[in-house]
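Below: the structure, in structure tokens.
The values are calculated or read from the model by the stated rules, or taken from the named source; none is laboratory data. Here the structure is a predicted model, which is why all the values come from computation and not from measurement. Counting neighbours? That spans all protein chains shown, and the Cβs are built from the backbone with ideal geometry, glycine included.
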Ligand code: ADP
Ligand code: MG
């Protein structure tokens, strides 16, 4: 029999979607205060929010007779028709937050409108409303939420420690406070002030009080406008980065969103400026007419759907690239070679040079594919001065446009035109011209570096970086040819994952199969590993899968198959390579050095770090002041 659900059940279902934990309550209440035009919002939390969340504002208030409506599902003052959904300008509009919160807590709403002589109060306990009563209170609204989830024990069980929950609450607070620097916000936990943010018209100072001066000082302002879409804000100098993408704040029309495509654009803009595993820091606002975006695709509006996502992708990428080009970013690494300081006199750094190379490459790629380059750049014919110690990212720059380009093409496209002859021959020298033929005169230092005498001088090799690079090339070739050796497990191994991890793994089943990792669903969030790459035999299958999962769901994940594959190849070669600190036998050293010549680009490891430093006798003589 089909029955209409009672409204309390409907509200509980809605509550499950919108109110996941105390932080969700904090978010909804602060957003309501902002929508009400509050200039001051004070948030007080006790015990991670499980005990109390109080949000007080000085906004427009709610008239006493509308208080019951405020806690009724689908009651909102913010939109009137379905059409309005496409021009939402407020943070809320679904009219379900207060109803949901009141369903799963002991809830008090106290409010007074500006003209009124007094205020009124509504108490709702587990969805049961009491009559509205008069109350003495200042103009504005105060919402108190006590004993969250007291009547939904399952939810309550999932609450973490107060410390964890307050962390999430503070993040929710930060997101709104970041978007509204002109208003005053405060946050306290168990009576202790965590934030007290003075109003300001300077976004950077709001960022500074929220995230610290070091970050604020490293920010580079960016700005652009294309077709009514305005991008403005800050991207941090690559000298400052993080191990995850949590400091990437993207605001769309005043609301923090997460968008994988735009995060990818950001990663691309910093490609080569940061080592693998490091994430850029940014605070960017994207403002566009509300009808260019659908914000009604996610219950908490964290994700949105753009009408023209591709455009915003190129705008973000182009704006940052152009900015990095004209900014003398601090180099990632520097050589103390005096001749290079002269090259610096023109004010251009390694990174600027690198960025130029990369842009030129993108244009070449773009014109080969018959489309216009997305970003402006320096003139294509402009001479490029690459430094002796090439910047960390230069290898990537040359392969960035098309990582699968065959070796010959890469050489033909670049070596002759963009790399000074001298540098090319110098780095290639040791393999071909080592005294004594095949067995190079090499020495292992501290189980980390190999020092090799070359005809021109000497070379210091990072053993891990070189091996990783070699393996990367080898696996890539094999994977592309479908010939990677895999190890079948006698008994497939179950691995427990989180729901999103399991989904990501199964979504990429065929890609993983190409890498020799065969996985199958095993019910719930468990997957079975049936085989894994033989080259990773020294690792446990579960460990291999977990590393893969990290790449698949980790921040900065690339959306297309090719990039994902590339990241997985990097991960696998890194895991399989000899480690920094591994002692090597003379035989292993010889083998490693011998394989060097076979790789397409052995000067840099796949992370973009150099695998070798070269010192010519000339240079040594100069440094010892002989010449
Ligand atoms: P929504 O924000 O999606 O409209 P809510 O359930 O969060 O839905 O709020 C319902 C209504 O209650 C709002 O539309 C608004 O009219 C009113 N309201 C909620 N919080 C406040 C507040 N802090 N100040 C003034 N009005 C409020
Ligand atoms: Mg709301």
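Summed over the range 136-150, the residues that are without any contact (Cβ under 8 Å) to a residue 40 or more places away in the chain and surrounded by fewer than 17 Cβ atoms within 10 Å (Cβ to Cβ) give a count of 1.
Close Cβ contacts (under 6 Å, 6 or more residues apart or on different chains) running from residues in the range 303-319 that are within 15 Å of residue 251 (Cα to Cα) to residues that are exposed (fewer than 13 other Cβ atoms within 10 Å of the Cβ) and modelled with pLDDT under 85 comprise 305/297. Taken over the range 252-296, the residue count meeting the criterion of being assigned to a loop (DSSP other than H, G, I, E, B) and in contact with a helix residue (DSSP H, G or I) (Cβ under 7 Å, 6 or more places away or on another chain) is 8.
No other residue among 200, 174, 164 is assigned to a loop (DSSP other than H, G, I, E, B), touching a helix residue (DSSP H, G or I) at 6+ places or on another chain (Cβ under 8 Å) and within 30 Å of residue 239 (Cα to Cα) apart from 200.
For residue 277, indicate whether it is surrounded by fewer than 19 Cβ atoms within 10 Å (Cβ to Cβ) and within 17 Å of residue 567 (Cα to Cα). Yes.
Across the range 73-86, the qualifying residues are those that are under 25 Å from residue 135 (Cβ atoms) and either at pLDDT 95 or above or in contact with a helix residue (DSSP H, G or I) (Cβ under 6 Å, 6 or more places away or on another chain) (or both), and the one among them that is farthest from ligand 1 (Cβ to nearest atom) is 73. Quick one: is residue 236 within 22 Å of residue 276 (Cα to Cα), touching a helix residue (DSSP H, G or I) at 6+ places or on another chain (Cβ under 9 Å) and either surrounded by fewer than 19 Cβ atoms within 10 Å (Cβ to Cβ) or touching a residue at least 12 places away in the same chain (Cβ under 8 Å) (or both)? Yes; evaluated as a whole, the condition is true for this residue.
Specify the residue that is modelled with the lowest pLDDT; the eligible residues are those in the range 55-72 that are buried (at least 20 other Cβ atoms within 10 Å of the Cβ) and not in a helix (DSSP H, G or I).
71
Run down 184, 206, 255, 230 and say which single residue is buried (at least 16 other Cβ atoms within 10 Å of the Cβ) and touching a strand residue (DSSP E or B) at 6+ places or on another chain (Cβ under 6 Å).
Answer to the check: 184.
Report yes if some residue within the range 41-51 is near ligand 1 (Cβ under 10 Å from one of its atoms) and free of Cβ contacts under 8 Å to residues at least 24 places away in the same chain; otherwise report no. Let's see the steps before the verdict.
Of the range 41-51, the ones near ligand 1 (Cβ under 10 Å from one of its atoms) are 41.
Checking the rest, the ones that are also free of Cβ contacts under 8 Å to residues at least 24 places away in the same chain come to none.
No - not one qualifying residue is present in the range 41-51.
Scan the range 113-135 residue by residue and report those that are free of Cβ contacts under 8 Å to residues at least 60 places away in the same chain and part of a loop (DSSP other than H, G, I, E, B).
Result: 113, 114, 115, 116, 117, 118, 126, 130, 131.
With a requirement of 1 or more residues that are within 31 Å of the chain's Cα centre (by Cα), at pLDDT 85 or above and surrounded by fewer than 17 Cβ atoms within 10 Å (Cβ to Cβ), the strands (runs of 3 or more DSSP E) lying completely within the range 453-522 that satisfy it span 486-496, 518-521. For residue 98, indicate whether it is part of a helix (DSSP H, G or I), at pLDDT below 95 and near ligand 2 (Cβ under 10 Å from one of its atoms). Against the criterion (part of a helix (DSSP H, G or I), at pLDDT below 95 and near ligand 2 (Cβ under 10 Å from one of its atoms)), residue 98 qualifies. Look at residue 38 and say whether it is buried (at least 22 other Cβ atoms within 10 Å of the Cβ), more than 10 Å from ligand 2 (Cβ to nearest atom), modelled with pLDDT of 95 or more and closer than 23 Å to residue 252 by Cβ. Against the criterion (buried (at least 22 other Cβ atoms within 10 Å of the Cβ), more than 10 Å from ligand 2 (Cβ to nearest atom), modelled with pLDDT of 95 or more and closer than 23 Å to residue 252 by Cβ), residue 38 qualifies.
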